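One structure is given here, and the rest of the page talks about it.
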């Protein structure tokens with residue numbers, strides 16, 4: 001059976017007719033063409049598919065696209081803007097919090113939801129928020145450090161805005 005859905009992803013409206021059984025992760029990747037959200041385990045254990053939906057970090061492999069009808073979704077592609085990288089992205093690079101990179105998109109989105117709900121997280125808060133995200137490269141210490149640093153930058157700027165594009169950011173464009 002097919003249904004019509006309307007979803008806002010990274011501020012852009014999408015309207016499509018989809019099969020009832022289509023997973024949100026597949027909709028994001030295959031229909032919307034946003035491949036930064038990764039498919040890892042298809043069981044909700046690894047967190048590679050984590051997105052922010054209506055302000056909460058969720059695993060998009062556990063949600064049907066039809067369940068996201070009317071939702072506001074953010075993916076990793078929505079973090080950076082024409083003015084520069086998001087403070088989380090800058091901090092991850094600065095703190096070597098990316099190794100193979102497969103888990104990074106999901107971890108960034110979990111971190112974004114955390115910092116919006118708790119702008120001053122402790123290392124324990126960060127670890128708890130990342131419980132559902134597996135980094136097989138064992139980069140957790142640098143990831144926690146990067147999220148702590150980003151929280152300081154974000155609090156100093158008083159919002160979740162973007163870091164201005166400068167020499168340090170030019171190549172990521």
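The values are calculated or read from the model by the stated rules, or taken from the named source; none is laboratory data. Here the structure is a predicted model, which is why all the values come from computation and not from measurement. When we count neighbours, we look across all protein chains shown, and the Cβ atoms used for this are built from the backbone with ideal geometry, even at glycine.
For the stretch 64-74, the criterion of a residue being part of a helix (DSSP H, G or I), in the same structural domain as residue 28 (by TED's automatic domain parsing) and crowded, with 22+ Cβ neighbours inside 10 Å is satisfied by at least one position. Could you tell me whether any residue of the stretch 30-48 is in a helix (DSSP H, G or I) and either at pLDDT 95 or above or within 14 Å of the chain's Cα centre (by Cα) (or both)? Yes, the stretch 30-48 has at least one match. Number of residues in the stretch 1-24 that are outside any strand (DSSP E or B) and within 14 Å of residue 69 (Cα to Cα): the value is 4.
Condition check: more than 25 Å from residue 28 (Cα to Cα) and surrounded by fewer than 17 Cβ atoms within 10 Å (Cβ to Cβ). Does residue 136 satisfy that? No, not satisfied.
Cβ-Cβ distances below 6 Å connect the following pairs, each with a first residue in the stretch 67-90 that is at positive phi, a second residue that is crowded, with 21+ Cβ neighbours inside 10 Å and modelled with pLDDT under 95, and a separation of six or more residues or different chains: 84/163.
Among the residues of the stretch 127-138, is there at least one that is at pLDDT below 95 and either within 12 Å of residue 115 (Cα to Cα) or part of a helix (DSSP H, G or I) (or both)? Checking the stretch 127-138: not a single residue is at pLDDT below 95 and either within 12 Å of residue 115 (Cα to Cα) or part of a helix (DSSP H, G or I) (or both). Look at (1) free of Cβ contacts under 8 Å to residues at least 24 places away in the same chain; (2) within 15 Å of the chain's Cα centre (by Cα) and you find that residue 1 fails only one, number (2). Among the candidates 145, 59, 158, 128, the residue that is in contact (Cβ under 8 Å) with a residue 40 or more places away in the chain and over 19 Å from residue 25 (Cα atoms) is uniquely 145.
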